[in-house]
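Every read-out reported here was derived from the displayed coordinates using simple, explicitly stated rules and does not represent laboratory data. On a predicted model such as this, the values are computed, not experimentally measured, just so you know. Cβ placement follows ideal geometry from the backbone for every residue including glycine, while neighbour counts extend to all protein chains displayed.
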Amino acid sequence: MPTGSVHGTPYWMAPEVINETGHGRKSDIWSLGCTVFEMATGKPPLAHMGKMAALFYIGARKGLMPPLPDDFSEEAKGFVQACLIRLRSCFWIVFLHEFPKAVEY
């Protein structure tokens, strides 16, 4: 049952979750982008900000999320950027993007 409050860690929260306008696949894609960013850099996006500052920054929908550093592949940077844009599509990011295809297991 919804409680009307926001729960979670601000660094991984999608704008629509922070603004309580709904959540679903798009917010999961946002969190995926944050997770890949953290796996690559050791810190989540906006880690240089306090939690409340990050919450307001993401929720305001005005600021750009930081890109991966230049030493990462263009595919990886593009994947994270596609996950962390405000008007993101859903599963095409994961299934059609070059980055997941380029990863060698």
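Quick rundown of the values:
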item: Two-site label geometry, Lys43 and Ile85: point separation in nm, points 7 Å out along Cα→Cβ; result: 2.6
item: Label-point separation, Asp70 to Ala53 (7 Å along Cα→Cβ), nm; result: 2.5
